[in-house]
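Here is the structure we will look at.
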Amino acid sequence: MPRIVVVGSINMDLVTLAPRFPGPGETLLGSRFLTAHGGKGANQAVAAARLGASVSMVGALGRDAFGDQLHAGLAQEGIDLAHVARLDDEGSGTASITVAEGENQIIVVPAANARVSPAQVETARASIAQADAVLVQLEIPFDTVEATLRLARRENVPAILNPAPAQKLPAEWLQLASYLTPNQHELATALGAGAATDFRELMRRAPCPVVLTRGSEGAWYRDAAHPEPVHQPGFKVEVVDSTGAGDTFNGALAVFLREGLPQAVRKACAAAALSVTKLGAQGGMPTARELETLLTRQAK
Ligand code: RIB
């Protein structure tokens with residue numbers, strides 16, 4: 001069973017379904033509202049746990065109603081929460097999400113996530129040292145991301161840096177990360193490049209292996225063994241809600257990394273495809289058996 005540590009955010013997603021996105025100053029009637037468990041860190045942790053990994057999470061929640069629900073949800077998935085802080089003086093993170101026309105728009109209020117500290121990462125040193133992979137994203141403070149990358153490097157544990165939401169990255173992080181897993185926009189932003197630059201050219205510029213996600217088109221990867229970007233086509237599914245597809249991809253990638261990058265990327269694409277067939281970031285995340293079913297069907 002692979003051991004994964006996720007250092008990242010935990011949010012309550014406030015999801016509204018609408019026929020289209022409203023313009024500035026416009027009020028629209030939506031068709032449905034729901035709360036769903038989310039946050040890039042928590043989503044990646046759940047994706048990995050459903051696929052059979054032993055997962056430990058480093059993060060922070062408020063001591064509020066959302067915090068209680070999110071904590072219980074993660075515990076139910078079998079995730080070790082020993083390094084998830086409960087803060088008395090801060091609320092839990094939220095994400096206001098509008099889903100329309102198969103796309104989403106998201107506004108995140110980090111709240112407790114902004115207090116995930118380098119000291120917490122240090123406290124999780126023993127778990128990180130024993131992990132098969134560490135996952136980290138950009139919804140927590142930059143110095144915490146950096147502390148995670150440095151610790152993983154010191155302990156010789158592969159670190160997957162999912163540079164989402166898009167931000168320009170310190171050049172050193174591109175050396176510290178074992179894998180960078182952006183979409184095209186995130187890669188251009190991470191490297192401080194023009195948005196119009198060809199994504200294959202951007203991938204060649206990164207000094208570490210890159211796995212670039214392309215939505216329904218699947219993913220591209222490039223590493224020392226594959227110096228030219230290689231395409232893994234996507235799996236065809238009916239899209240209900242694409243929220244959390246990238247997180248499912250990252251969680252699965254971490255779980256299957258030890259099978260080699262091509263196989264891990266193929267399985268991550270399949271897991272991400274299944275994740276978009278249900279509502280909510282974590283709603284469609286597959287179990288190991290559901291993933292196998294899709295992969296076997298595809299192989300026939
Ligand atoms: O990647 C999807 C996630 O981004 C949502 O669950 C939301 O919480 C935001 O963090």
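In contact (Cβ under 8 Å) with a residue 24 or more places away in the chain and either among the polar types (S, T, N, Q) or touching a helix residue (DSSP H, G or I) at 6+ places or on another chain (Cβ under 8 Å) (or both): is that true of GLU146 in this structure?
Details: in contact (Cβ under 8 Å) with a residue 24 or more places away in the chain: yes; either among the polar types (S, T, N, Q) or touching a helix residue (DSSP H, G or I) at 6+ places or on another chain (Cβ under 8 Å) (or both): yes.
So GLU146 fits the description; yes.
Condition first: within 14 Å of the chain's Cα centre (by Cα) and either more than 22 Å from GLY78 (Cβ to Cβ) or not small (Gly, Ala, Ser) (or both). Can you find one or more residues in the range 286-296 that meet it? So that I can check it myself, show each step before the final result.
Of the residues in the range 286-296, the ones within 14 Å of the chain's Cα centre (by Cα) are none.
The answer is no, given that none of the residues of the range 286-296 is within 14 Å of the chain's Cα centre (by Cα) and either more than 22 Å from GLY78 (Cβ to Cβ) or not small (Gly, Ala, Ser) (or both).
Could you tell me whether the range 168-182 includes any residue that is farther than 25 Å from ALA100 by Cβ and within 16 Å of the ligand (Cβ to nearest atom)?
yes
Yes/no per residue for (1) among the aliphatic types (A, V, I, L, M); (2) surrounded by 15 or more Cβ atoms within 10 Å (Cβ to Cβ):
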| site | (1), (2) |
| --- | --- |
| PHE235 | no, yes |
| ARG258 | no, no |
| GLY280 | no, yes |
| MET285 | yes, yes |
| GLU290 | no, yes |
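Anything in the range 85-104 that is modelled with pLDDT under 95 and part of a strand (DSSP E or B)? List them, or say none.
Applying the first criterion (modelled with pLDDT under 95) to the range 85-104 yields 99-104.
Passing the criteria: VAL99, ALA100, GLU103, ASN104.
Working carefully through the options VAL15, VAL5, find the one that is within 25 Å of ARG125 (Cα to Cα) and not in a loop (DSSP other than H, G, I, E, B). Spell out the reasoning first.
Details: VAL15 fails: within 25 Å of ARG125 (Cα to Cα).
Going through VAL15, VAL5 in turn, the sole match is VAL5.
Scan the range 129-147 residue by residue and report those that are surrounded by fewer than 24 Cβ atoms within 10 Å (Cβ to Cβ) and over 16 Å from LEU169 (Cα atoms).
Answer for the range 129-147, where residues must be surrounded by fewer than 24 Cβ atoms within 10 Å (Cβ to Cβ) and over 16 Å from LEU169 (Cα atoms): ALA129, GLN130, ASP132.
Taking the range 214-247 as the region of interest, how many residues are under 27 Å from LEU34 (Cα atoms) and either in contact with a His (Cβ under 7 Å, 6 or more places away or on another chain) or not charged (D, E, K, R) (or both)? Show your work before the answer.
Of the residues in the range 214-247, the ones under 27 Å from LEU34 (Cα atoms) are 215-216, 236-247.
So of that shortlist, the ones also either in contact with a His (Cβ under 7 Å, 6 or more places away or on another chain) or not charged (D, E, K, R) (or both) come out as 215-216, 237, 239-240, 242-246.
So the answer is 10.
What are the pairs, 6+ residues apart or on separate chains, where a residue within the range 92-113 that is farther than 19 Å from ALA166 by Cα and charged (D, E, K, R) has its Cβ under 6 Å from a residue that is within 11 Å of the ligand (Cβ to nearest atom) and not in a loop (DSSP other than H, G, I, E, B)?
none
If you scan the range 198-231, which residues turn out to be small (Gly, Ala, Ser), out of contact with any strand residue (DSSP E or B) (no Cβ under 7 Å at 6 or more places or on another chain) and farther than 18 Å from PRO158 by Cβ?
Looking only at the range 198-231, we keep the residues that are small (Gly, Ala, Ser), and these are 206, 215-216, 218-219, 224-225.
If we keep only those that are out of contact with any strand residue (DSSP E or B) (no Cβ under 7 Å at 6 or more places or on another chain) too, we end up with 215-216, 224-225.
Of everything in the range 198-231, those that are small (Gly, Ala, Ser), out of contact with any strand residue (DSSP E or B) (no Cβ under 7 Å at 6 or more places or on another chain) and farther than 18 Å from PRO158 by Cβ turn out to be GLY215, SER216.
Determine whether the range 201-209 contains at least one residue that is under 22 Å from GLY244 (Cβ atoms) and either within 16 Å of the ligand (Cβ to nearest atom) or hydrophobic (A, V, I, L, M, F, W, C) (or both). Before you say what the answer is, go through the steps one by one.
The first filter runs over the range 201-209 and keeps only residues under 22 Å from GLY244 (Cβ atoms), leaving none.
No - not one qualifying residue is present in the range 201-209.
Here is a list of conditions, (1) farther than 12 Å from GLY280 by Cα; (2) in a helix (DSSP H, G or I), and ASN43 meets all of them except one; can you say which number that is?
(1)
Considering only residues that are more than 16 Å from the ligand (Cβ to nearest atom) and buried (at least 24 other Cβ atoms within 10 Å of the Cβ), which ones fall in the range 1-38? Talk me through it step by step, then tell me what you get.
Here is the first cut: in the range 1-38, the ones more than 16 Å from the ligand (Cβ to nearest atom) are 1-5, 18-32.
Hits for the range 1-38 are ILE4, VAL5.
Can you name every one of the helices (runs of 4 or more DSSP H) wholly within the range 108-178 that holds 3 or more residues which are under 27 Å from GLU90 (Cα atoms)? Quick ask: steps written out before the conclusion?
Working: elements: 118-123, 125-129, 142-154, 171-176.
Passing ranges, in order: 118-123, 125-129, 142-154.
The values are calculated or read from the model by the stated rules, or taken from the named source; none is laboratory data. As the structure is a prediction and not an experimental result, all values here were calculated from the model. Every residue, glycine as well, gets a Cβ built from its backbone with ideal geometry; the counts of neighbours run over all protein chains shown.
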